[in-house]
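In what follows, a single structure is set out as structure tokens and then discussed.
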Amino acid sequence: MSSNTRRARLAGAVLATAALAAGLTACGGDSLEDNGKDTSASKKDDGGDKKGSLVIGAARFTEAKVLAELYAGVLKDAGYSTSVKTVQNREVYEPELRKGSIDVVPEYAATFAEWLNHDKNGENAKAVASSDVEATVAALRELAEPQGLKVLDAGKAVDQNAFVVTKDYAAEHKLKTLSDLGKSKEKVTIAAGDECATRSFCAPGLKKTYGINVAGIDPKGVGTPQSKQAVKDGKDQLALTTTTDATLESFGLVVLDDDKKLQNADNILPVVNAKDAGDSAIASALDKLNQTLTTDDLVELNRKVDAERQKEKDVAADYLKEKGLVKG
């Protein structure tokens, strides 16, 4: 995705953990999509319609659009007529999901749980999300069900905050995990957003949970090319990005494993309108995808769109065929 879109997406991930509602791993924004116009990423499929029509919502960034096309593909294969509707952000698609003008959306467990939590209980509400995916999904369901939403099971793929170093730095200091970095006692400057200095998932959490010696924050943004370049050039030692960042290889960077689970469980899962899309056949079709799609798979799908300029619908269709998730 473009650097601007990625920044919006990443800023959402950061702010969600900090109890802000605009969301991640689900994009920020300040207005209705194109003044309310439908800007579908793919047109209504003419074939099928054996079981009815479903509209899959997608926020306007690569990963969300790829996920929506994956959902559309497996649901079409299950006998539904499907279309993908792309809107700016969660503030737009969540009300449409509740009303039923959108039937299904790909979501992020921890981020959406906190979004609903803050919507209901205010910005200072006690956090309900954690690194425990089962507890996070349970809290999400408790908040979503009164809104007429059904939260399906969490998948294997996770898009959450990640800390990266250069391959050379990792090799020199024998680093594979954030615990290794803490034990090394190396001083690090983190290329991230300003908020890293105070957010529990960032500098304070790295110090408290891992004993990492944080010397300072270089405010180059979260997951931006500038932040990754600063680490590549040796100006900074650590950068904050996300686990599905498809550009790390080009910068020579590797993720240090969050082995003590500092980050919240932002597993990807489908959320549906309970009345219009609560059928078990829908849940079954989406669950097959959920149990197949991995974080690495999603990184590669994002890369094909962003680096190779392939269409989201095409990379989704190829993946579903390759994994045997659709017929033919």
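Listing for the model above:
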item	result
Total residues in the stretch 62-82, condition of a type in the set (Gly, Ala, Ser) and in contact with a strand residue (DSSP E or B) (Cβ under 7 Å, 6 or more places away or on another chain)	4
Pairs where the first residue, in the stretch 109-138, is within 20 Å of Pro270 (Cα to Cα) and the second is open to solvent by 80 Å² or more (accessible area, probe 1.4 Å), C-beta under 7 Å, 6+ apart	Ser131/Lys261
In the stretch 284-304, the residues that are open to solvent by less than 30 Å² (accessible area, probe 1.4 Å) and farther than 26 Å from Asp257 by Cα	Ala285, Leu286
Residue match in the stretch 221-243 (condition: open to solvent by 30 Å² or more (accessible area, probe 1.4 Å), assigned to a strand (DSSP E or B) and closer than 22 Å to Thr189 by Cβ)	no
Any pair with Cβ under 6 angstrom, 6 or more apart, that starts in the stretch 141-164 at a residue that is under 21 Å from Tyr71 (Cα atoms) and ends at one that is of a type in the set (Ser, Thr, Tyr) and part of a strand (DSSP E or B)	Asp159/Thr242
Thr247 being in contact with a Pro (Cβ under 8 Å, 6 or more places away or on another chain) and open to solvent by 20 Å² or more (accessible area, probe 1.4 Å)	yes
Selection from the stretch 155-193 of residues that are under 21 Å from the mean Cα position of the chain (by Cα) and open to solvent by 30 Å² or more (accessible area, probe 1.4 Å)	Lys156, Gln160
Which numbered condition Gly328 misses (of (1) within 17 Å of the chain's Cα centre (by Cα); (2) surrounded by fewer than 17 Cβ atoms within 10 Å (Cβ to Cβ))	(1)
Qualifying residues in the stretch 68-92 (those that are of a type outside the set (A, V, I, L, M, F, W, C) and in a helix (DSSP H, G or I)) - the one surrounded by the fewest Cβ atoms within 10 Å (Cβ to Cβ)	Asp77
Subset of the stretch 310-324 that is open to solvent by 90 Å² or more (accessible area, probe 1.4 Å) and either modelled with pLDDT under 95 or in a helix (DSSP H, G or I) (or both) - its residue that is nearest to Asp245 (Cα to Cα)	Lys313
Condition broken by Phe201, with the remaining ones in (1) closer than 18 Å to Thr244 by Cβ; (2) part of a helix (DSSP H, G or I); (3) at pLDDT below 95; (4) not small (Gly, Ala, Ser) satisfied	(2)
Residues satisfying the stated conditions in the stretch 241-266, i.e. over 19 Å from the mean Cα position of the chain (by Cα), within 17 Å of Thr166 (Cβ to Cβ) and not acidic (Asp, Glu)	Ser250, Phe251, Gly252, Leu253
Given (1) over 30 Å from Pro204 (Cβ atoms); (2) polar (S, T, N, Q); (3) in a loop (DSSP other than H, G, I, E, B), index of the condition Ser250 fails	(3)
Which numbered condition Asn124 fails, given (1) surrounded by 20 or more Cβ atoms within 10 Å (Cβ to Cβ); (2) part of a loop (DSSP other than H, G, I, E, B)	(1)
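The values are calculated or read from the model by the stated rules, or taken from the named source; none is laboratory data. A quick note: this is a predicted structure, and the numbers were derived from the prediction, not measured. FYI the Cβ positions are ideal-geometry reconstructions off the backbone, even for glycines, and counts take in every protein chain you see. SASA here: full protein model, heavy atoms, side chains in, ligands and nucleic acids out. Shrake-Rupley method; radii C 1.70, N 1.55, O 1.52, S 1.80 Å.
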